[in-house]
Each structure stands twice: as C-alpha cells, then as structure tokens.
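Please read through the structure below; I'll follow up with questions.
The values are calculated or read from the model by the stated rules, or taken from the named source; none is laboratory data. For clarity, every value in this text was computed on a predicted model and none was experimentally measured. FYI the Cβ positions are ideal-geometry reconstructions off the backbone, even for glycines, and counts take in every protein chain you see. Ligands, DNA and RNA are stripped out before the accessible areas are found, and what is left, the full protein with its side chains, is counted by its heavy atoms. Shrake-Rupley method; radii C 1.70, N 1.55, O 1.52, S 1.80 Å.
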Amino acid sequence: MSDPGALAALLDAEANAQALAFGSPEHQEALRRFLDKQPLAFAWPAQGEAG
C-alpha cells in the first residue's frame, strides 16, 4: 500500500468490524462454550468437502 491514509482507513475499518463481531451473540456464546470447555456448537466442513 503506497497511501498511508488508505492503510489507516483500512485498519480503522478492521477495528470497527472486530468490535462488532466481539459484541455479537454468536461470539458471546462461543466464548461461554470455550470457557466452560464445551464442544463447538457447529462442525467445520471436512477437508476437501465442497460447501
């Protein structure tokens, strides 16, 4: 990236997106399950499986 202003804007947008994600109900549930040592509430697709 040759434009420092573009990089700053990109980093700002990413920080905002992370803040939104961390406050989501899905993140809160995932964090609770992790801390309680419970299994994932979803299953990742197997390697090579088309989704």
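Going through the chain, which trypsin sites (Lys or Arg not before Pro) have at most 10 other Cβ atoms within 10 Å and a DSSP loop state? Each step should come with its number before you reach the end.
Values: sites: Arg32, Arg33, Lys37; in loops: Lys37.
Of the trypsin sites (Lys or Arg not before Pro), the ones in loops of the chain whose Cβ has at most 10 other Cβ atoms within 10 Å are Lys37.
Here's a follow-up. So which GluC sites (Glu not before Pro) in the chain pass both tests, a DSSP loop state and at most 14 other Cβ atoms within 10 Å of the Cβ?
Here the GluC sites (Glu not before Pro) that fit, given the DSSP loop and packing criteria, are Glu49.
Let me ask something else. Per the Kirkwood treatment, what hydrodynamic radius in Å, one decimal, follows for the chain from the mean inverse distance over all distinct Cα pairs? Don't skip to the answer; put the middle values down first.
On the way: mean 1/r = 0.0716 Å⁻¹.
The answer is 14.0 Å.
7 Å from Cα along Cα→Cβ at both Leu40 and Asp12: what's the point-to-point distance in nm?
The two pseudo-label positions are separated by 3.5 nm.
Using a 1.4 Å probe over the heavy atoms of the protein chains, calculate the carbon and sulfur portion of the accessible area of the chain as a whole percent. Intermediate results must be reported in sequence, preceding the final value.
On the way: 3000 of 4670 Å².
Its accessible area is 64 percent carbon and sulfur atoms.
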